[in-house]
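Note sheet for the following structure.
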Amino acid sequence: MNSGLAGQRVLVTASSTGIGYGAAEAFLKEGARVVINSSNQGKLDAARAKLATLGEVHSVLGNLAVKADIEKIVGETVRALGGIDTLVYVTGSPKPGRFLEFSYEDWRAAADLLVVSPAYLTKLVADQMIRDGVKGRMVILSSYVIREPSLGIALSSVCRVSMLSLVRTLARDLGPKGIRVNGLLPGYIKTGRIDQLAQDASKRRGIKPEDYITEIERDVPAGRIGTTEELGRAIVFLGSDLSSYVSGVSFPVDGALSRSI
């Protein structure tokens, strides 16, 4: 099957490592032209150097929680590629912890990152797609915890729920313009976030980080943690012509971890 991505213009946010990097890699392998983003210049340069072996890749430094940087990311992507055909919105996660541990400032920072940032960035990209007459695609990465909240990552569990509504709202609003919007709800994926959660569990519960990883693997019916490559293939599906009649959905990629219908 042909993804139709050869020569397509793709922006992947938060893509110097982890899930975003895996998505950028997957699109480059399909022949797309890609812009990656990070708030860390060193990591961004290293990622671009590695990805450049696969195809045309550009990089934009910017913090997704800062309005001016969001505008810069979209503006520089358009200048580098001439427009945007596919947006893949990935962002980092707030610190782990339980509900009563967080301050007002913690909630404000989480809301800026997980509510305001994706809404504003997708608006800017949609405006650009409409101006250019692009039949575009947006893929918004959230987490399985929006359907099954996890007590140990309360900030993420509460704030990421907005992304589910964002996908539905945008899909209905932008559908008549030829723009499709979908979401993915990753389960446990092998990234630095897993290591962070393992260290947090070790401090709180007095267990070894590797014991936490074993617990996770037991909880996942597939029996293991997923890879960024596996998630990247799902992102390519939603961000390409392979899913031409799919819009407004958010589905899990979690090895059957989710219990809800």
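The values are calculated or read from the model by the stated rules, or taken from the named source; none is laboratory data. Just so we're clear, the structure is a prediction, and the values are computed from it rather than from any experiment. Backbone-built Cβ (ideal geometry, glycine too); neighbour counts: all protein chains shown.
Report, by residue number, each residue of segment 199-233 that is under 27 Å from residue 164 (Cα atoms) and crowded, with 20+ Cβ neighbours inside 10 Å.
226, 228, 231, 232
When segment 34-63 is examined, which residues are found to be hydroxyl-bearing (Ser, Thr, Tyr) and surrounded by fewer than 21 Cβ atoms within 10 Å (Cβ to Cβ)?
Across segment 34-63, the qualifying residues are 39, 53.
Tell me which of these residue 251 doesn't satisfy, since it passes every other one: (1) over 24 Å from residue 136 (Cβ atoms); (2) among the aromatic types (Phe, Trp, Tyr); (3) surrounded by fewer than 17 Cβ atoms within 10 Å (Cβ to Cβ).
The single condition residue 251 does not satisfy is (1).
In this structure, is residue 63 within 19 Å of the chain's Cα centre (by Cα) and either among the small types (Gly, Ala, Ser) or not in a helix (DSSP H, G or I) (or both)?
Yes, satisfied.
Kindly indicate the residue of segment 158-198 that is within 20 Å of residue 18 (Cα to Cα) and among the β-branched types (Val, Ile, Thr) and also surrounded by the fewest Cβ atoms within 10 Å (Cβ to Cβ) among those meeting that condition.
It comes out as 194.
Does segment 136-157 include one or more residues that are closer than 22 Å to residue 63 by Cα, modelled with pLDDT of 95 or more and surrounded by fewer than 21 Cβ atoms within 10 Å (Cβ to Cβ)?
For segment 136-157, residues closer than 22 Å to residue 63 by Cα, modelled with pLDDT of 95 or more and surrounded by fewer than 21 Cβ atoms within 10 Å (Cβ to Cβ): absent.
So is residue 77 surrounded by 23 or more Cβ atoms within 10 Å (Cβ to Cβ), hydroxyl-bearing (Ser, Thr, Tyr) and in contact (Cβ under 8 Å) with a residue 24 or more places away in the chain or not? Reasoning before the result, please.
Numbers: surrounded by 23 or more Cβ atoms within 10 Å (Cβ to Cβ): yes; hydroxyl-bearing (Ser, Thr, Tyr): yes; in contact (Cβ under 8 Å) with a residue 24 or more places away in the chain: yes.
Yes.
Within segment 219-242, how many residues are in contact with a strand residue (DSSP E or B) (Cβ under 9 Å, 6 or more places away or on another chain) and either over 18 Å from residue 22 (Cβ atoms) or not in a helix (DSSP H, G or I) (or both)?
Result for segment 219-242: 7.
Give the residues of segment 10-33 that are part of a strand (DSSP E or B) and surrounded by fewer than 24 Cβ atoms within 10 Å (Cβ to Cβ), sorted by residue number.
So in segment 10-33, the residues part of a strand (DSSP E or B) come out as 10-12, 33.
If the condition is that a residue be part of a strand (DSSP E or B) and surrounded by fewer than 24 Cβ atoms within 10 Å (Cβ to Cβ), then 33 is the only one that fits.
Report yes if some residue within segment 199-211 is at pLDDT below 90, among the aliphatic types (A, V, I, L, M) and outside the structural domain of residue 18 (by TED's automatic domain parsing); otherwise report no.
yes
Going through segment 70-87 one residue at a time, which ones are assigned to a helix (DSSP H, G or I), in contact with a strand residue (DSSP E or B) (Cβ under 8 Å, 6 or more places away or on another chain) and not hydroxyl-bearing (Ser, Thr, Tyr)? So that I can check it myself, show each step before the final result.
Of the residues in segment 70-87, the ones assigned to a helix (DSSP H, G or I) are 70-81.
Next, only the ones that are in contact with a strand residue (DSSP E or B) (Cβ under 8 Å, 6 or more places away or on another chain) stay: 72-74, 76-77, 80-81.
Passing the criteria: 72, 73, 74, 76, 80, 81.
Among the listed residues 171, 119, 126, which satisfies the condition of being small (Gly, Ala, Ser), part of a helix (DSSP H, G or I) and under 26 Å from residue 259 (Cβ atoms)?
171 is the lone residue from the list that is small (Gly, Ala, Ser), part of a helix (DSSP H, G or I) and under 26 Å from residue 259 (Cβ atoms).
Just checking, how many residues over segment 36-51 are under 14 Å from residue 23 (Cα atoms) and not in a strand (DSSP E or B)?
4
Determine if segment 203-218 includes at least one residue that is small (Gly, Ala, Ser) and touching a residue at least 24 places away in the same chain (Cβ under 8 Å).
Applying the first criterion (small (Gly, Ala, Ser)) to segment 203-218 yields 206.
Right, trim to touching a residue at least 24 places away in the same chain (Cβ under 8 Å) and you get none.
Scanning segment 203-218 turns up no residue that is small (Gly, Ala, Ser) and touching a residue at least 24 places away in the same chain (Cβ under 8 Å).
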